[in-house]
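The values are calculated or read from the model by the stated rules, or taken from the named source; none is laboratory data. Owing to the predicted nature of the structure, the values given are computational and were not obtained by experimental measurement. With ideal geometry, Cβ positions are generated from the backbone for all residues, glycine too; neighbour counts draw on all protein chains shown. Accessible surface is based on the protein model in full, side chains and every heavy atom, while ligands, DNA and RNA are left aside. Shrake-Rupley method; radii C 1.70, N 1.55, O 1.52, S 1.80 Å.
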Amino acid sequence: MPLLRSVRGLFKRPTTQNWQGLIPAYRRWLPVSDATPVISLCEGATPLVPAPAISERLGRGIRVFLKVDGHNPTGSFKDRGMTMAVSKAKEAGAEAVICASTGNTSAAAAAYARRGGMRAFVLIPDGYVAQGKLAQALLYGAEVLAVRGNFDRALSIVREMADQYPVTLVNSLNPFRLEGQKTAAFEVVDELGDAPDWLCIPMGNAGNISAYWMGFKEYRNAGMSRKLPRMMGFQAAGSAPLVNDTTVEQPDTIATAIRIGNPANREKALKVRQESNGGFAAVTDAAILDAYRLLGREEGVFCEPASAASVAGLLQRADEVPSGATVVCVLTGNGLKDPTSAIDHSEATFYGDLTPDVATVAKTMGF
Ligand code: F0G
């Protein structure tokens, strides 16, 4: 296989040895030059973990892998985009960045901006950001503005702010974000030796699905892979503007990361679906939580609820997966981001208030 790979590829594939972040690893595919100050936390090179329990559920020789992007420095795929967006902002002389966020973007923007010596302003929907993400933004030294309104409202404010004031927008409308995020597709192909048949991914603003598609296409056009995947995008049923081709005024889901009613990258996402012969579908919160628990209990992988939408979607569409296919589900964020959801929905056994002696513990354990 390694021989075949090196013959097929025109360019050398990076390895994870001496990994120094995705900009050095994929420099020739990215819009950077020697003049770009690289602001990095050694993001990227996240594991592609086989998912035997899910593969077995699907049967028919289907192989499922999890792209665990929660292994990034701030615990989500946003770091891939942020190393690019913040490096380019620094190159352009910016002194401050701004974003609207359901949490992960704010954590990544804060970490990278502060590392680059810039101020980070983050607007969040008050009361709808998971605890770990808020903790990160605060600890990294962001200036956090919680607005009474949802993500969509916050995004429209920061767009105007970036137009009128000297602050650089680092939401996925910033084209450098998607350039950085496309490297996840490169990594998947580098690991598998070709693109998967299906790529399952949660959608909020639909930046990430657009970035993956860009990456898969660039790699295939350069001879680094033979095929292109079908892009399967999943949204929470209470927050599914792309699936239902509408705008949702009051999006509602337990998966707060994708609680978005008016996706910023709508047109791009529709194009991805069409070009890739892909599909979009809604998954209920109950199905998201089932997948969330399944990943934890049977695969040993702890992701946040929004990420589990990719697996919920795959299980829902299982009958359509061709026999023998290779499927990659993108797990966008780390489970520790949202401890409240885990504690509230694990359905695990918890015995509290025990007398601290062996007899009590043994009896409780059923011995
Ligand atoms: N999964 C997680 C964990 C996310 O945080 C997000 C988006 C998505 C999926 C969806 O990605 O927007 O590119 O389609 N989070 C943004 C934020 C909105 O502010 O952190 P998308």
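List of remarks:
- The Cα-based radius of gyration of region 212-367, divided by its Kirkwood radius, gives an Rg/Rh of 1.11.
- Over the chain, Cα pairs under 8 Å with separation of 6+ residues give a relative contact order of 19 percent.
- When the charge dipole of the chain is built from unit charges on Cβ atoms (+1 for Lys and Arg, -1 for Asp and Glu) and taken about the Cα centre, the candidate among Ser239, Ala206, Ser225 whose Cα reaches farthest toward its positive end is Ser225.
- Apolar share of the accessible surface for region 74-154: 48 percent from carbon plus sulfur atoms, 1.4 Å probe.
- FRET efficiency, Arg297 to Ile343 (Cβ-Cβ, R0 25 Å, nearest 0.05): 0.95
- In this rough spin-label picture, where each label sits 7 Å from Cα along the Cβ direction, the Gln250-Val358 distance is 5.8 nm.
- Working from label points 7 Å from Cα in the Cα-to-Cβ sense, the Glu95 to Leu145 distance is 1.7 nm.
- The smallest convex shape that holds all Cα atoms of region 49-180, its convex hull, gives 127 Å³ per residue.
- Heavy-atom accessible surface of the chain, averaged per residue, reaches 43 Å², computed with a 1.4 Å probe.
- Accessible-area order (highest first, 1.4 angstrom probe) of the listed residues Ile201, Ile254: Ile254, Ile201
- The chain: mean projected area of Cα convex hull, nm²: 20.6 nm²
- Straight-line cross-link reach from Lys227 at under 17 Å between alpha-carbon atoms covers these aspartates and glutamates, not counting any fewer than eight positions away in the same chain: Glu187, Asp190, Glu191, Asp194, Asp197, Glu218, Glu275.
- Highest GNM mean-square fluctuation among Arg57, Arg226, Arg266, for the chain modelled with Cα contacts below 10 Å: Arg57.
- Each of Glu275 and Asp163 was given a label point 7 Å from its Cα along the Cα-to-Cβ line. The distance between the two points is 2.7 nm.
- The apolar share of the surface of region 236-367, taken as the fraction of accessible area on carbon and sulfur atoms (1.4 Å probe, ligands and nucleic acids excluded), comes to 52 percent.
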